[in-house]
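Chemist: Before we start, here is the structure in question, set down as structure tokens.
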Amino acid sequence: MNIAYLPIDERPCNTDYVRRIADSSAEVKLFLPPQEALGYKKLPADKEMIWKWITDVASEVEAIILSIDMLIYGGLLPSRIHYLRNTEATLWIERLRSLRKEHPGLLIYASNLIMRTPKYSSSDEEPDYYEEWGEHIFLRAYLQNKKQREHLKKDEELQLQNLIDTIPKKYIDDYEERRAFNSTINTSMLKLVKEGTLTFLAIPQDDSSEYGYTSIDQAKVMKGIEALRLHQHVQMYPGADEVGATLLARVYTQLKGKRPRIYPIWSSTLGPQLIPMYEDRPYQESLKAHIFAAGCQLAETATEADIILAYNTPGRVMQESWDQSDKDITYTSFRHLLTFVDQIKQFLNQGKQVIVADCAYANGGDKELITLLDEERLLDRLLSYKGWNTNCNSLGTTLCQGVLGLQGNKQKIIENIIYHIIDDYIYQAEVRMKMVEDFLPLHNLTYFNLKDKVALVNKERNKRVRDAYQLLIRHSFETITRLDVQTFAPWNRMFECGLILKCEQSEVSKKC
């Protein structure tokens, strides 16, 4: 299968993660645009270079996965700070139509995010004024939307009026004008699906909330889907950086002509009904949406399933991963990980393929789960492990690895599991915040700015990551004879970490 892929930005989570999954399948050859075309953080991509790449590669592939955010805005962050006008939108809509006309048999799968509204104040990924007014802008829209849909208490009414009176109007006007343009793009893409220009459209909601701007835009899109009867061809759900993997899974299943059946098992009783941080709906509802969007189907029983999804969720209260040394008691009293891991073991012993979505914490994996899987020597028997950033980030990527890995290369799959244990737990949950506390202040650096000392940060991070891996993994991956890990900072900050993983394996067990 020859598949072209235009990511939403240039970070490893949108490029390397997807490339590594594709590389684990002997059936898939993935084409990506030149790295230099993809821009850098808030600097937009070279859209003309990207369009040339698309038109050149279209005749070589059976399907193409397109990020509309990259194509129209030049990337994820540029979509939040642009000053584009309708003429720009028209240009790209007509170019997509021309692509369809020139390649009538090409599968064109697209994604187009609903613009996020973070509930905190930071301009690292938003307009400059969000540094001071971000939390206020979020809360103003949250309360306005809640008032429209339900009602506000007296103190909430007073709070809303104070926000309306306080936030400078020029910032609200700028923010809402941009959102209106982006919302128009969302609904325009629906029309392209209806007319057949796009084969399928995924609309993830980045950092969504039950009320506010995201919810308002979501309602507009849903009305469009219903009016055009596009329920089967457009999917909207929480997520963002996993969307490339989700669409890769859907393309793969369509080209194979088979929908893998997924059966979930849960680590906690309340887990399916809980609403994870940074999302607007229960785990169970996101599960349904992601399974459908990935071209799979939900199995009624484990017996009929092609893949067992082991879904690690909180007991009752969800925390950030770096706080798990002081975790809420309900992580123990409202879930039973020993039973969960034993279920995984039994399914593996039955010959079932098991993938893990480690979503008990936000922004990183669960040490207790990884430790128990290691103690039972189960980690290298899995088909996939993912536990990064948001619930849906982990869910979407682990489903994709499961789908492509069913007939995949075992050595590549093991490499990917090690990669995500290092990135998702060791870095994101453990090393990242410790370095923020005890290393960055020594060098006058901050979480969002490593200045000109990124090499120094990488050297220290490399050591901590390697040491932590040796302490954590004691019984698994015995075929690994050599493991070398180098890190880098894609956006010169601490939030994400790029990994260069060199892994040598033998057929005979030899613990490194």
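The values are calculated or read from the model by the stated rules, or taken from the named source; none is laboratory data. Because the structure is predicted, anything quoted here is derived from the model rather than measured. Neighbour counts are summed over all protein chains in view; Cβ atoms, including those assigned to glycine, are modelled from backbone coordinates with ideal geometry.
Chemist: I'm trying to understand the selection: among the residues of segment 182-223, which are in contact with an Asp or Glu (Cβ under 6 Å, 6 or more places away or on another chain) and either assigned to a helix (DSSP H, G or I) or modelled with pLDDT of 95 or more (or both)?
Modeler: Selection gives SER183 alone.
Chemist: Also, I was wondering about something else. Name the single residue that is nearest to TYR237 (Cα to Cα) among those in segment 94-112 being hydrophobic (A, V, I, L, M, F, W, C) and in contact with a Leu (Cβ under 7 Å, 6 or more places away or on another chain).
Modeler: Filtering first and then ranking leaves ALA110.
Chemist: Give GLY224, GLY244 a once-over and let me know the one that is touching a Ser or Thr at 6+ places or on another chain (Cβ under 8 Å), outside the structural domain of CYS359 (by TED's automatic domain parsing) and over 20 Å from ARG281 (Cβ atoms).
Modeler: When all the criteria are applied, what remains is GLY244.
Chemist: Same structure again: Just checking, which of LEU30, LEU38, LEU66 is buried (at least 23 other Cβ atoms within 10 Å of the Cβ), of a type in the set (A, V, I, L, M, F, W, C) and within 22 Å of LEU499 (Cα to Cα)?
Modeler: Just a single option satisfies the conditions, and that option is LEU38.
Chemist: A further question on this structure: Can you say whether TYR142 is within 25 Å of GLY224 (Cβ to Cβ), surrounded by 15 or more Cβ atoms within 10 Å (Cβ to Cβ), outside the structural domain of THR117 (by TED's automatic domain parsing) and under 26 Å from the mean Cα position of the chain (by Cα), as far as the supplied structure shows?
Modeler: Criteria met by TYR142.
Here is a yes/no grid of residues against (1) touching an Asp or Glu at 6+ places or on another chain (Cβ under 8 Å); (2) under 20 Å from ARG11 (Cα atoms); (3) buried (at least 24 other Cβ atoms within 10 Å of the Cβ):
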{"site": "GLN350", "(1), (2), (3)": "no, no, no"}
{"site": "TYR361", "(1), (2), (3)": "yes, no, yes"}
{"site": "LEU372", "(1), (2), (3)": "no, no, no"}
{"site": "ARG377", "(1), (2), (3)": "no, no, no"}
{"site": "GLY387", "(1), (2), (3)": "yes, yes, yes"}
{"site": "ASN393", "(1), (2), (3)": "yes, yes, yes"}
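Chemist: Counting only residues that are touching a Leu at 6+ places or on another chain (Cβ under 7 Å) and of a type in the set (Lys, Arg), which one in segment 279-338 is nearest to VAL431 (Cα to Cα)?
Modeler: ARG316
Chemist: Take residues that are aliphatic (A, V, I, L, M) and either outside the structural domain of ILE265 (by TED's automatic domain parsing) or closer than 12 Å to ILE265 by Cβ (or both) and tell me which of the helices (runs of 4 or more DSSP H) falling wholly in segment 287-388 contain 2 or more.
Modeler: Those helices (runs of 4 or more DSSP H) span 337-349.
Chemist: Which residues, counting only those in segment 24-73, are part of a strand (DSSP E or B) and within 22 Å of ARG116 (Cβ to Cβ)?
Modeler: TYR40, LEU43, ILE65, LEU66, SER67, listed by residue number.
Chemist: Sticking with this structure for a sec: Just one of the numbered conditions (1) out of contact with any strand residue (DSSP E or B) (no Cβ under 9 Å at 6 or more places or on another chain); (2) crowded, with 16+ Cβ neighbours inside 10 Å is not true of GLY75; which one?
Modeler: That leaves (1) as the condition not met.
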